[in-house]
1. Please work out the FRET efficiency for the pair residue 80 and residue 147, using the Cβ-Cβ distance as r and a Förster radius of 51 Å; give the result to the nearest 0.05.
2. Just from its helices, what would the mean residue ellipticity at 222 nm be for the chain, if runs of 4 or more DSSP H residues each count -39500 (n - 2.57) and the sum is divided by every residue, rounded to the nearest 500 deg cm²/dmol?
3. On full extension of the chain, what length is gained from residue 50 through residue 275, given 0.36 nm per residue of separation minus the C-alpha to C-alpha distance?
4. By how many nm would the segment from residue 205 to residue 162 grow when fully extended, if each residue of separation counts as 0.36 nm and the alpha-carbon distance is taken off?
5. Using the Karplus curve 6.51 cos²θ - 1.76 cosθ + 1.60 with θ = phi - 60°, what ³J(HN,Hα) values do you get for each residue of the range 52-60, in whole Hz, with x for Gly and Pro?
6. Quick query: amide H of residue 71 versus all other amide H atoms, modeled in the peptide plane; which residues come in under 5 Å with a sequence gap of 5 or more or a different chain?
7. What order, most packed first, do the peptides 41-48, 137-144 have when packing is the mean number of other Cβ atoms within 10 Å of each residue?
8. Translational diffusion coefficient of the range 139-227 at 20 °C, 1.002 mPa s, Stokes-Einstein with Kirkwood Rh over Cα pairs, in µm²/s as a whole number.
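A short reminder: the numbers here are calculations on the coordinates, not readings from a lab. Just so we're clear, the structure is a prediction, and the values are computed from it rather than from any experiment. Neighbour counts are summed over all protein chains in view; Cβ atoms, including those assigned to glycine, are modelled from backbone coordinates with ideal geometry.
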Amino acid sequence: MQDLARGLPLAFTLWVFAVGAVVGSFLNVVIARVPKGPSIVSPGSRCPRCGSPIAWYDNIPVISWILLRARCRNCGLPISPRYPLVEVLTGVLAVAVFRRVGPSWTAVGYFAFAAALVALAYIDLDTWLLPHQITWPLLALGLASPLWNRELTWIGSLIGAAAGFALFAVIALVGEKLLKRETMGWGDVWLLAAIGAWLGCPPLLPVVLLSAVQGAIVGSILLAIRREPDRTPRPEPAGPSSDDDWVPPKHAVPYGPFLSLAALEYLFFGDRLVSGWNHLLFRLLS
């Protein structure tokens, strides 16, 4: 299967990238609307500045942004480069998934997983929220993923979800009950449970370690350059749970993007990461 994946025809690869970019365009809508509550289906795409509807020919992933010179056709105000960035990133992830496992339902499932992680990462960066509207369905799909992923068993998915939830839930409860402060957001708890459901239990430790190390590096860099992330109080989510106005600690960074990044890293490079970690431990202990 991997040999087939590496030999994907160029035309098919371009088609996969184009489909991924279209999904990325939809993710931009999800990122913008889900935290605020409006429907992600209706109304259609609109300029975030003036609110005017965007015609289909101005909504072609990446290409329209370039042709419009990164400005709205109606109001002339700039369009954030994040929009084509999300589209390109999602297209690249689509190609990477299909090259890893080949054309199959497993690839479609893993791409859905990767796309959801992209949306959650950007939402968390914007709002310090990981909405249940995404994490709960992602968990449910992960528990059903053995239907199309023969590498994962039903019991493995269930144990992974339970272990991921329990690991971060303990941290969150200790912070709430004993330390009287938030040490772990419940959105992170549900996200790690979903990651465990999709990947199983063994990857959880590498994912947590990778996310913690990378988050610490970014936090240290922000501290060194004395640049503080946005600490605007969280907007109240539209889902079943709500938070009080909350301000992150000084120099804090949202953890969701690093969990998402680490899960993607494990998805594509898991064997190499584990072997490299084992080799490093052997060198340190020998």
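1. According to the calculation, E is roughly 0.85.
2. Values: 10 runs with 176 residues, N = 286.
Rounded to the nearest 500, it is -21000 deg cm²/dmol.
3. Working: separation 225, 0.36 × 225 = 81.00 nm, distance 5.16 nm.
My answer for the length gained is 75.8 nm.
4. On the way: separation 43, 0.36 × 43 = 15.48 nm, distance 1.36 nm.
Once the chain is fully extended between residue 205 and residue 162, it gains 14.1 nm.
5. Ordered by residue, 3J(HN,Hα) equals 6, x, 9, 5, 4, 6, 9, 10, 6 Hz.
6. Long-range HN contacts for residue 71: 79.
7. Values: 41-48: 12.1, 137-144: 19.0.
Answer by packing, highest mean first, reads 137-144, 41-48.
8. Numbers: Rh = 14.1 Å.
Translational diffusion coefficient: 152 µm²/s.
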